[in-house]
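Just below is one structure, and these are the notes that go with it.
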């Protein structure tokens, strides 16, 4: 039976097979729990480093609606997107970040990944990985 870490890794690997370039799941502090790079260029590690910055920006904005954001998106000059989805499972907060190539859709793929991550975390008792 695979460990929770292996299962989370498999979820991210499946997600990038659906058209995203890289994905990372981190704790709210930015500790990577799973990283997947489709092309091996360390983009997942970069996402792990910047994902908490998105969350901190939302929290420090002083804007109540922004602090409650479920998702933040940054568009690069080339048209690629960095998408950070904030999720809570039990009393744990996570960030699921993905790099989306120009012209690709991502919501359905990200929603599926979020559902699968929540399920895995709940089934394993919500303990640390």
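Since every read-out is calculated from the coordinates, none of them should be taken as a lab result. Because the structure is a prediction, the values reported are computed rather than measured. Cβ atoms come from the backbone with ideal geometry, glycine included; neighbour counts cover every protein chain shown.
How high is the FRET efficiency from residue 123 to residue 29, r the C-beta distance, R0 30 Å, rounded to 0.05? Before the final figure, lay out the partial values.
Numbers: r = 24 Å, r/R0 = 0.78.
It comes to 0.80.
Distance between the pseudo-spin-label points of residue 105 and residue 59 (7 Å out from Cα toward the beta carbon): 3.4 nm. Distance between the 7 Å Cα→Cβ label points at residue 70 and residue 49: 3.1 nm. Taken over segment 4-123, the alpha-carbon convex hull comes to 102 cubic angstrom per residue.
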